[in-house]
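Structure first, then comments.
Derivation of every value follows stated rules applied to the coordinates shown; laboratory data play no part. Here the structure is a predicted model, which means the values were calculated and not measured. Heads up, the Cβs are rebuilt from the backbone with ideal geometry, glycines too, and the neighbour counts pull from every protein chain shown.
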Amino acid sequence: MPSITVVTDHLVHSQWIHPFTDLYMVGSEFAKDQLLEQGVPEEKIAVTGIPISLKFAQARDREQALLELGLDPYYPLVLIMAGAEGMSPSLPRLCQILFRSSVPLQAAVITGRNKVLKEKLEGLRQKGGWPLYVLGYVDNVEVWMSAARVLVGQGRGPDHRRSPGFPAAPGHIPPGTRPGRRECRFPPPGGGCLLG
């Protein structure tokens, strides 16, 4: 039985490489080049893009998504995503910066399964100048993303953020990401990539 590895990062580190892998499916020529540099034969590499759920592939109307979530359709939504495990230590500071914004906005933070981070951010919510919605793990993230004017997430992982219509900027660059933040060479189709 063939062994296939679907590489879901654009920065291909050695943990992706295994001697018994028959085929590597990668998201870009850049990722392919990294595998070649690490000695993987070209015939074992296919540039396929990175798979995402179909629910992220269809753009939705932003105003309708805001109303569906019970948010104000007249203020832009900044959506901050900490990943499924909520591994973004810079989120409290980022929320404080947003609170000082002179631009009227509303913000939502999805903390994933990190209950400690969620509680910490809920404490900040009372001190803020703009509405801040603090959510744990959600199963309708595609609706939140459609409602957002800007998405701030981890600086790696070209997951659903690379879907149509999602302007994104990386926030916390997680451990293990190489210096230089080379993944910003792959801005999402809906917007740019900011280096912090």
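For Thr8, Thr21, what's the fewest-to-most ordering of other Cβ within 10 Å of each Cβ?
Neighbour counts put them in this order, fewest first: Thr21, Thr8.
What's the tally of Lys pairs in segment 30-118 whose alpha-carbon atoms lie under 29 angstrom apart, where the two lysines are 8 or more places apart or on different chains?
So the count of such lysine pairs works out to 4.
Distance between Cα centroids, segment 94-111 to segment 37-69: provide it in whole Å.
27 Å
Just to be sure I understand the curve: with the Debye formula and one point per C-alpha of segment 4-47, what is log10 I(q)/I(0) at q = 0.22 Å⁻¹?
Taken in order of the listed q values, log10 I(q)/I(0) reads -0.59.
When Lys and Arg each count +1 and Asp and Glu each count -1, what net charge do the other residues less than 9 Å away from Leu77, Cβ to Cβ, add up to?
Computed value for this residue: +1.
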